[in-house]
Each structure stands twice: as structure tokens, then as C-alpha cells.
Amino acid sequence: MDNYQIADFFSLLSKLMDIHGENSFKAKSYAIAAFNIEKLPMQLSDTPKEKIFGIKGIGESTGKKIIELLETGKLSALDEMISKTPSGVQEMLNIKGIGPKKISTIWKEMEIESIGELLYACQENRLKLYKGFGEKTQQNIIETIEFYLNNQGTYLYPQVEQVVPQVTAYLEKMFSPENVFLTGSFKRQSEVIEELEYVVNVSNAAIKPRFETANPPEFLEEKPDTLQYKLHNGLKLRLYTGEGELQKRLFDHSGSAEFTSAFTQQFPKVDFSKSNIANDETVFTQANISYIPPFLRESAKVIDLAKKGPLPKLIQPADIKGIIHSHSNWSDGSNTIEEMATAAIAMGLEYMVISDHSKTAFYAQGLNEEKVAAQHQYVDELNNKLKGFKIFKSIESDILYDGNLDYSNSILATFDLVIASVHSNLKMTEEKSDATPVSRH
């Protein structure tokens, strides 16, 4: 164990002690020890144990812990701290802009125990209600969390969609367009993408030298028929390589492993060489089943549906006639209801469900009974004004600890739609949750 590793142990111990509100003098002394250990000209592992206590900046308590680390590879004081700190709270230390003191407030006062919960609280403007957190700090935390999450190896489809044109153009420039084919989870339009996949009709030996540029992507893995890299933005890139049987390789990687395996087992006589590179509909024609587009090739069950006839027509953007669960500036939204309705009309929509926060969500300016009545009167006026467009009255009503909603039955009856939601009782035990059904109004 080198000095940097030892310093990391003490630095983490110091931070966790601050989060728990432990002795601030001790916490600071361990932070100083971490700093001093990193700067030492010699390795502590090579230093006689009796001389460790004489090193400047290392007292008796720190010295004993250093010896414990060198002998066991563990630090019992740190293990104890880790055992009583939720993993999500520890992970918050990776978020720039919030130190141990702020994390302590987030955990103990706001009862937030994960980065996901923290991001949600920031988006609801809850963080700035607490001492030490302003509007700017809250926004910085949102941006930092989103950046952190984006670099954890998984991405949402829209995020990957933004970089696909550049990656495709880059590969086509190196290997020519007729040899590069987008495939995998992105082609299937999966919600979460772990890696961007291409079939490249070129051998590994020809591909690898082309990636050896002045600023190359990180090389991760090589197999006889694949190469994997990590791009500079953190996204993994997998190339299915080789020459020959191009149509079959394109089909194999256009569906999930479950789908592809089931298809080849059920239709072993399909001749993939007869398939068009740009369109694999002839594969399904040979199998005598309806065409299954790539975005439905996730489960083997879809094959059984395709055997019965044409697949059901999918919902298209033009089929969407309204938007549900909208917050206005009556609670924590940014726009007036009329502005939102006007924007919806411009999009060709026919209705909107306005569902601001209920009164328990005080941090989001939730609507009390008087504001509910005033909003409903306002919505009635807008519905009379906006001919051909309907605004429905709704509310995001909090589920209280006893399972009831936070309005009386008479108030709930005035809404067209009630959305029941949990905001403040996220730590309810499973037993309590099971024993407390949500009231039905």
C-alpha cells in the first residue's frame, strides 16, 4: 500500500466524520494527515514502524492507524463509519460543489439518501429552502449530478442520438460508407444505451491502426470478431468486425440476443445472403411471418405475434392529442396556464391536464384550498376563451403517512383527475407501506 492509498483512507475518514457531525478536531486532524502523507518524500511502507510516530504531522492516533493499514489493509475506524453511512450518501462525495457539511444537511435534515433523490429535490427547488443553499448552488448541483450520471457508462437514447451523426461520419470517412452500419441497442431505439454498436465490414488488423491517432479513443477489448473502445465523452463504442456474411451479421446484431437466438432456431433455413443490406424485410418473408422492425426485436414473444399476422399499428407522434401532468407558475412551474395552453395549441394538441403540487408540498408553493378554487375559476375562464381546446383540472396530491391524500373528499371531487404521489415519506418501511393502503376518493 503506497502513500496515496493511505492518504485516501484518511481523507475519506475525515469526510465521513464531518458528515456524521463527529469531533471536528479529529476530523480535521485526519484531513491534515492525508495531506501530509501525500507529500512525504519516502514510502510509509518502507519506514520502520517506530519512526512513523516521529514524522511531522503524524501524531500517535494517526500513527497507530497507519500501522493498522500497513498490517491489515483495513482501517477499522473507517469501516465503522462506512457501515453506518448509506451508500448513496457516500456517493454524494463525488458531486463537486457539496462538501461533507452540506451533505450532512441534505441527509439529516432533508432525509435524502441518494443522488437521484437529490437531483429530484433540486429540480423541485427544495434545496434552496435550506441554509447554505442558494439558487446558484442548486443549479450547479443539478448540472454536476447530470454530468456525473452521464459518465457512469449508461446513457439515455436522446443523449446518444446527439453524437451518432459525428461517430457515423467519422467511421464512414475511415472505412467508407458501404462498410459501416449502425446496429445494436441504438438501432432498436432502446431507452438506455450502454454502448454504441456498428457492424464494420473490415478486419481487426485493418481497423486498429486507423484508431492510432494523436488523440485516440481508449482501447478496451479485442476479440476475433469485435473491437471495443471508449470515446472521449465516456461512451463505449463496439465494432463488430470481419468480412463476409454481411447480411447475416447485420441481422444478428439488429435484435437482442434473446430475439436473434429464437429466430435462428425457429427458422434455420433462412438464406441471409438474399437479404438486402439496406432492408432485411426479405428475411421475414422467407420465414413467412410479418415484418418485425428493429425497435420491436427485444423479446422472443414478438415472433409469435408476427406469426399470427401483421403486428398492431404503433402509436405515432400525430396520434398524441394532449399532455398530462403539467406544472404551472401557480406552484413550481415557470409559465402561466394560458402560456402553456397556447404552446400546446401551437403543437396541434387538443387538451392539457394542469396538475400543480398540492398543499403539503409547501417547498413547491403547493396549492391550498383557496388557491385550488381560484385556479379552477381561472381554468373555467380559459376554457371559455380557448375554443376547441380543453384544460382539465388536476392536482398532484401528496400521499400522507397514514395513506390518506392531503385534501378532503369534497375538495378532491372538484378535480377532473387526481394524481397521487409520494414526496416526503420515502423512508416508510415495507411493513408500514403494505399496511397503509392509499385512500380511494
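The values are calculated or read from the model by the stated rules, or taken from the named source; none is laboratory data. Values in this document were obtained by computation on a predicted structure and should not be read as measured data. In this analysis, Cβ positions are derived from the backbone assuming ideal geometry, glycine residues included, and neighbour counts consider all displayed protein chains.
Please determine whether any residue of segment 225-245 is surrounded by fewer than 19 Cβ atoms within 10 Å (Cβ to Cβ) and under 22 Å from Pro293 (Cα atoms). Looking for residues that are surrounded by fewer than 19 Cβ atoms within 10 Å (Cβ to Cβ) and under 22 Å from Pro293 (Cα atoms), one finds at least one in segment 225-245, hence yes. Taking each residue of segment 398-417 that is farther than 12 Å from Val372 by Cα and in the same structural domain as Tyr351 (by TED's automatic domain parsing) and looking for partners that are part of a helix (DSSP H, G or I) and not small (Gly, Ala, Ser) with beta-carbon atoms closer than 9 Å, six or more apart or interchain, yields Tyr401/Lys432; Leu405/Leu412; Ser408/Glu369. Val302 passes every criterion in (1) part of a helix (DSSP H, G or I); (2) surrounded by 16 or more Cβ atoms within 10 Å (Cβ to Cβ); (3) modelled with pLDDT under 95 apart from (3).
Within segment 1-22, count every residue that is assigned to a loop (DSSP other than H, G, I, E, B) and either in contact with a Phe, Trp or Tyr (Cβ under 9 Å, 6 or more places away or on another chain) or under 18 Å from Leu75 (Cα atoms) (or both). Can you show your working first?
First pass over segment 1-22, keeping only residues assigned to a loop (DSSP other than H, G, I, E, B): 1-2, 20-22.
Next, from what is left, pick out any that are either in contact with a Phe, Trp or Tyr (Cβ under 9 Å, 6 or more places away or on another chain) or under 18 Å from Leu75 (Cα atoms) (or both): 1-2, 20, 22.
Here the count works out to 4.
I'm trying to understand the selection: among the residues of segment 330-377, which are free of Cβ contacts under 8 Å to residues at least 60 places away in the same chain, touching a helix residue (DSSP H, G or I) at 6+ places or on another chain (Cβ under 7 Å) and assigned to a helix (DSSP H, G or I)? Ile337, Glu338, Ala341, Glu369, Val372 - these are the residues of segment 330-377 that are free of Cβ contacts under 8 Å to residues at least 60 places away in the same chain, touching a helix residue (DSSP H, G or I) at 6+ places or on another chain (Cβ under 7 Å) and assigned to a helix (DSSP H, G or I). Tallying residues that are more than 19 Å from Phe259 (Cα to Cα) and not hydrophobic (A, V, I, L, M, F, W, C) within segment 155-203 yields 18.
Here's the yes/no breakdown for (1) at pLDDT 85 or above; (2) under 28 Å from Lys101 (Cβ atoms); (3) more than 36 Å from the chain's Cα centre (by Cα):
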residue	(1), (2), (3)
Met1	no, no, no
Phe10	yes, yes, no
Ser14	yes, yes, no
Asn23	yes, yes, no
Lys28	yes, yes, no
Phe35	yes, yes, no
Asp46	yes, no, yes
Lys65	yes, yes, yes
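Within segment 255-262, identify whether any single residue is in contact (Cβ under 8 Å) with a residue 40 or more places away in the chain, under 21 Å from Asn204 (Cβ atoms) and not in a loop (DSSP other than H, G, I, E, B), and answer yes or no. Looking through segment 255-262, none of the residues is in contact (Cβ under 8 Å) with a residue 40 or more places away in the chain, under 21 Å from Asn204 (Cβ atoms) and not in a loop (DSSP other than H, G, I, E, B). Restrict the check to segment 37-53 and report whether at least one residue is in the same structural domain as Asp2 (by TED's automatic domain parsing) and under 25 Å from Met92 (Cα atoms). So far as segment 37-53 goes, yes, one or more of its residues are in the same structural domain as Asp2 (by TED's automatic domain parsing) and under 25 Å from Met92 (Cα atoms).
To keep it simple, each residue is scored yes or no on (1) of a type outside the set (Ser, Thr, Tyr); (2) closer than 28 Å to Arg210 by Cβ; (3) in contact (Cβ under 8 Å) with a residue 12 or more places away in the chain; (4) assigned to a loop (DSSP other than H, G, I, E, B).
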| site | (1), (2), (3), (4) |
| --- | --- |
| Gln228 | yes, yes, yes, no |
| Leu239 | yes, yes, yes, no |
| Gly242 | yes, yes, yes, yes |
| Pro268 | yes, no, no, yes |
| Ile292 | yes, no, yes, yes |
